Amino acid sequence: FNMMVPGLIFADINAVLANIKLANTRDDLLTYFEVENGFKDKTVQTVNNGISTTFTFYVSLYKTTSILFDKKIADVQIQSTIKYNSLKEEYTVTRPWKEEPPLMTKSFDEAKTWMTQVDNLKAIPLGQLIKGDKYQIRLKAELEKVTLPLSLHHILFFVSFWDFETDWYVINFTY
């Protein structure tokens, strides 16, 4: 099966999950999605000041039933981290979930794309799903809470504005 869902805009948050897609290989259920509006001016400023910034992505899969409680059958949490080296004028993006070496670029736009796109993420082996049963996948992204050195705390006391968290995005499907 193959499913596309457009992004939603959430009031007061602005960061949204978009281009959500579920697909499968012979062996696994995969998910694809991206974060839109995840890099606000303050976040860009933070990154360009050399402060490491991490996005955390959550994917949970539930078997839905007609009774009150759904059963969680998979829970995946991954992170992507960006760091800017001002001496080399280079961005480094690490995505351990991709099992690849850190990516480096001088282009912020390219680094931003690497940070905000999740592709080929294994949600669960298909052998754990039952044909004809109903399931629900829940997706969410958040920017880590930025921790600044103490000397900057009273200068940059609006640090909470740098954080974002999307609502859970829910897709119901039958396998």
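Bear in mind that the values in this text are calculations on the coordinates, not laboratory data. This one's a predicted model, so the numbers in the text were calculated from it and none came from an experiment.
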Prolate/oblate/rounded call for region 74-141, Cα gyration tensor, a/c under 1.5 rounded: prolate
Rel. contact order, % - alpha carbon contacts under 8 angstrom, at least six apart, region 59-110: 23 percent
Length released on extending from THR113 to ILE78, taking residue separation times 0.36 nm less the Cα-Cα span: 11.0 nm
Mean Cα-pair separation over length for region 24-97, i.e. relative contact order, pairs under 8 Å, 6 or more apart, %: 25 percent
Gyration tensor verdict on region 5-134 (Cα atoms; rounded if a/c is under 1.5, prolate if a/b is larger than b/c, oblate otherwise): prolate
Distance between region 84-101 and region 20-39 - C-alpha centres, whole angstrom: 22 Å
